[in-house]
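Working notes for the structure below.
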Amino acid sequence: MFPIIEKKVLNSQVTLYRFAAPFIAKKVQPGQFVMLRIDEKGERIPLTVADFDREAGSITLIVQAVGFTTKKLATMEVGDAVADLVGPLGCPTEFGTPKKAIVIGGGVGCAIAYPQAKALAAMGVDTTVIAGFRNRDIVILEEEMRAVANHYYVTTDDGSYGEKGLVTDVLNRLCEKDTYDLVIAIGPIMMMKFVAKATESFGIRTIVSLNPIMIDGTGMCGGCRVKVGGEVKFACVDGPDFDGHAVDFDELARRGAFYRVEEAHACRLEEKQHG
Amino acid sequence: MADMSPNKTPMPEQEPTVRNKNFGEVSLGYTPEMAMGEAKRCLGCKNRPCVSGCPVNVQIPDFIGKIAEGDFKGAYEVISATNALPAVCGRVCPQESQCEGKCVRGIKGESVGIGRLERFAADYFAKNYEAELPEIRKNGQKVAIIGAGPAGLTCAGDLVKLGYEVTVFEAMHTAGGVLMYGIPEFRLPKAIVQSEIEKLEKAGVKIMTDMVIGKVLSVDEIMEMGFDAVFIGSGAGLPMFMGIEGEDAVGVYSANEFLTRINLMKAYLPEYDTPIKHSNKVAVVGGGNVAMDAARSAKRLGAEHVYIIYRRGEEEMPARGEEIHHAKEEEIEFRLLCNPKRILTDEKGLVSGIECIRTQLSEPDASGRRRPVEVEGSEFVLDVDAVIMALGTSPNPLIRSTTTGLEANKRGCLIVDDCMKTTKEGVYAGGDAVTGAATVILAMGSGKTAAATIDKYLSERRGNHEKS
């Protein structure tokens, strides 16, 4: 069992959980994920690790309550424990040796972009963060991002906070003025697709982090297969980071929607139980 | 005098049209009377050909003799002396090509139903007795086992009996490996697997789940933690795909994914959270036991039509005869001598059909089976909404790629000698990680061999310590 040792509500949908997971905390690196299962009857879901503390033996997950398991998790409190946390899985991010990097987080994607920005800053890289949200109410991790990044930009779709517009608007503006040699984009599939499109024209190496459907997370089921540069890759073992210019985002979006009907059904059931 | 009836005592089974709508066990097991009757068909041959066909060396005529006498507990004790998972083997071993394949009674008529008797003894014992724990004197040495599947559990069971402190590291949340995620409930009830595992735990085997070795710990780190030897039984978990057009469509699964959702995650039961699609027309590509399991599971989820697509004929199918027979009884539709060319999709990217081409068999290939050759212009389309690829699996590279000095062959299988010793000092391996996808009993046999080798290696080291 893996107990929750800290819980912090970041916005109406997104919650930070710190779990005691000493084996994982000892090994995990930015870009890696864990599989979480709440209880004996639970499903296994992949969640990228947002932060870790090797000495305290803890890992942090920042989770948006969108599906059955994430909603159930949101009802758990400090002292409650999940049955399983498996990891660290996937390959750590290969940062290379950039000089100037832009890290882009879209919505809850900021949770995964944060350890990337933190790692780049620790490597002495000039790091710019662009964080995009639908509106002011759901802005997360601004303070944390500002603390590690050299420059921080925030956009909202409705202009209620920061700049009105999309992360790509800021990205295009920055890249026209200055030279960057790495972009990391984490967020909704369509955001990553358009970031990759933009950086391709500037010729900037771009890493995206994918979160497709998985069961085991160790290469066994093949449910997470994704086409990258025309080749089939398993996101769980070959990724979850991939070259943004080579990923087939449209296929990824199609495959990700497969269980939406069943999931909506499960969520309704849950509302029944709790409502 | 032995009962000279040429036929095995039939196994009571659920009716095909009933069972293809539920996940309950197909074969219901012998009654004590049936078991005693079948046991009396054994001639008790002196040279014991059946034993030579058993990878874990069960003393078959001895346990059958006990059943014939009505000493069912005694029969179980004979089996469990060499077999760590009797209730499992009695159900899933390919007896026809092992013990029963060597049975003298099989020359004229049917062999003795050794598998059915083994199952009976194991089930009878589990229902009526508590396993007694033998007094084990610990020898102070520690062995780590990677993977709680048939190879690892067998190795663990043998070593714990010999006095070793045994820890099994399992990647999934439940021990059992393929017995839990691969083989369906209707062939091998999961409660039986769990009770076999509980017996091992009671005997002192420590199982740590959620530990993906190669990620959370390396083999070298395990050795640094004070383990004197390591056994790798990590299986062959990576599914293969065909590489044909449309394979990335929504509704194409590996058999691993489909079966894991059903068996391990229990997605077919409403109280479990893992989702599963209930498709109406399903094509399963492949001719092995896994293909039969996937097809029969799809039927039980309510599919109206389930097809097995296989590029050779029935004779060449690697699946057990019994599985093919059961699948046919359950209205699985066989489309033999044809091979998928591409998967068709609708405008949303969902599977809408599978295009196949007919094949003919020509000369035998390297596997000894006749090679299928496509018949030009014979393409046809099967109307389906899901495709399950059951083409085989290969070993996961996670451990070999993170362990220095551990060598593998071109297919990614770990290289071992006859005693299951790898190329790395103190490290042994067995099961599918060594052979590629094979059977439960072969994995168990290799786990047993490895346990004996590890014992020899560590008792020599123990001897040396005592001398110095």
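What to note about this one:
- Test for B:R187: is it touching a residue at least 24 places away in the same chain (Cβ under 8 Å), surrounded by fewer than 24 Cβ atoms within 10 Å (Cβ to Cβ), more than 20 Å from B:E425 (Cα to Cα) and not assigned by TED's automatic domain parsing to the domain that holds B:E221: no
- The residue that is nearest to the chain's Cα centre (by Cα), counting only those in the stretch B:1-37 that are under 22 Å from B:A295 (Cα atoms) and aliphatic (A, V, I, L, M), is B:V26.
- Filtered residues of the stretch B:382-396 (kept if at pLDDT 90 or above and part of a loop (DSSP other than H, G, I, E, B)): B:D383, B:V384, B:D385, B:A390, B:L391, B:G392, B:P395
- Residues that are more than 14 Å from chain A (Cβ to nearest Cβ) and part of a strand (DSSP E or B) within the stretch B:309-351 comprise B:I309, B:Y310, B:E333, B:F334, B:R335, B:L336, B:C338, B:N339, B:P340, B:K341, B:R342, B:L344, listed in sequence order.
- Candidate set from the stretch B:248-257 (those that are more than 18 Å from B:I308 (Cβ to Cβ) and touching a residue at least 60 places away in the same chain (Cβ under 8 Å)); member that is farthest from the other protein chains (Cβ to nearest Cβ): B:A249
- Qualifying residues in the stretch B:128-166 (those that are among the basic types (K, R) and either touching a Gly at 6+ places or on another chain (Cβ under 8 Å) or not assigned by TED's automatic domain parsing to the domain that holds B:L217 (or both)) - the one modelled with the highest pLDDT: B:K142
- Matching entry among B:G177, B:G163 (being over 14 Å from the mean Cα position of the chain (by Cα), on the phi > 0 side of the Ramachandran plot and not charged (D, E, K, R)): B:G163
- Of residues in the stretch B:258-279 being more than 8 Å from chain A (Cβ to nearest Cβ) and over 25 Å from the mean Cα position of the chain (by Cα), the one farthest from B:M389 (Cα to Cα): B:P270
- Failed item, numbered, when B:A295 is tested on (1) open to solvent by less than 20 Å² (accessible area, probe 1.4 Å); (2) part of a loop (DSSP other than H, G, I, E, B); (3) away from chain A (no Cβ under 14 Å); (4) not polar (S, T, N, Q): (2)
- Test: residue in the stretch A:224-247 that is surrounded by fewer than 18 Cβ atoms within 10 Å (Cβ to Cβ), modelled with pLDDT of 95 or more and part of a strand (DSSP E or B): yes
- Members of the stretch B:310-355 found to be closer than 12 Å to B:V384 by Cα and either in contact with a Cys (Cβ under 9 Å, 6 or more places away or on another chain) or polar (S, T, N, Q) (or both), listed by number: B:T345, B:S352
- Selection within the stretch B:165-191 - more than 12 Å from chain A (Cβ to nearest Cβ), assigned to a loop (DSSP other than H, G, I, E, B) and charged (D, E, K, R): B:E185, B:R187
- Of everything in the stretch A:162-213 that is under 16 Å from the mean Cα position of the chain (by Cα) and open to solvent by 60 Å² or more (accessible area, probe 1.4 Å), the residue that is nearest to A:G96 (Cα to Cα) is A:N211.
Table: residues versus (1) touching a strand residue (DSSP E or B) at 6+ places or on another chain (Cβ under 6 Å); (2) open to solvent by 20 Å² or more (accessible area, probe 1.4 Å); (3) within 19 Å of B:V92 (Cβ to Cβ).
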position: B:L414; (1), (2), (3): yes, no, no
position: B:V434; (1), (2), (3): yes, yes, no
position: B:L442; (1), (2), (3): no, yes, yes
position: B:G445; (1), (2), (3): no, no, yes
position: B:A450; (1), (2), (3): yes, no, no
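- Only residues that are open to solvent by 40 Å² or more (accessible area, probe 1.4 Å) and closer than 12 Å to B:C54 by Cα were counted in the stretch B:92-135, giving 4.
- Taking the conditions (1) within 30 Å of A:G90 (Cα to Cα); (2) among the hydroxyl-bearing types (S, T, Y); (3) in a strand (DSSP E or B) in turn, B:S401 satisfies each one other than (3).
- Test: residue in the stretch B:231-250 that is in a loop (DSSP other than H, G, I, E, B), modelled with pLDDT of 95 or more, over 30 Å from B:K281 (Cα atoms) and over 26 Å from the mean Cα position of the chain (by Cα): no
- When A:V82, A:V78, A:V63, A:V14 are checked against the criterion of being more than 11 Å from chain B (Cβ to nearest Cβ) and more than 17 Å from the chain's Cα centre (by Cα), a single residue qualifies: A:V78.
- Test: residue in the stretch B:402-414 that is at pLDDT 95 or above and within 24 Å of B:G53 (Cα to Cα): no
- Answer residue from the stretch A:59-75, given it is touching a residue at least 40 places away in the same chain (Cβ under 8 Å) and under 15 Å from A:L85 (Cα atoms) and is surrounded by the fewest Cβ atoms within 10 Å (Cβ to Cβ) among those: A:T60
- Filter result for B:I232 (in contact with an Asp or Glu (Cβ under 9 Å, 6 or more places away or on another chain), more than 10 Å from every other protein chain (Cβ to nearest Cβ) and open to solvent by less than 10 Å² (accessible area, probe 1.4 Å)): no
- A:L141, sole failed condition from (1) over 17 Å from the mean Cα position of the chain (by Cα); (2) over 15 Å from A:V183 (Cβ atoms): (1)
The values are calculated or read from the model by the stated rules, or taken from the named source; none is laboratory data. None of these values were measured; they are calculated from a predicted model. Neighbour counts run over all protein chains shown; Cβ positions are idealised from the backbone, glycine included. The area values use the complete protein model at the heavy-atom level, side chains included, leaving out ligands, DNA and RNA. Shrake-Rupley method; radii C 1.70, N 1.55, O 1.52, S 1.80 Å.
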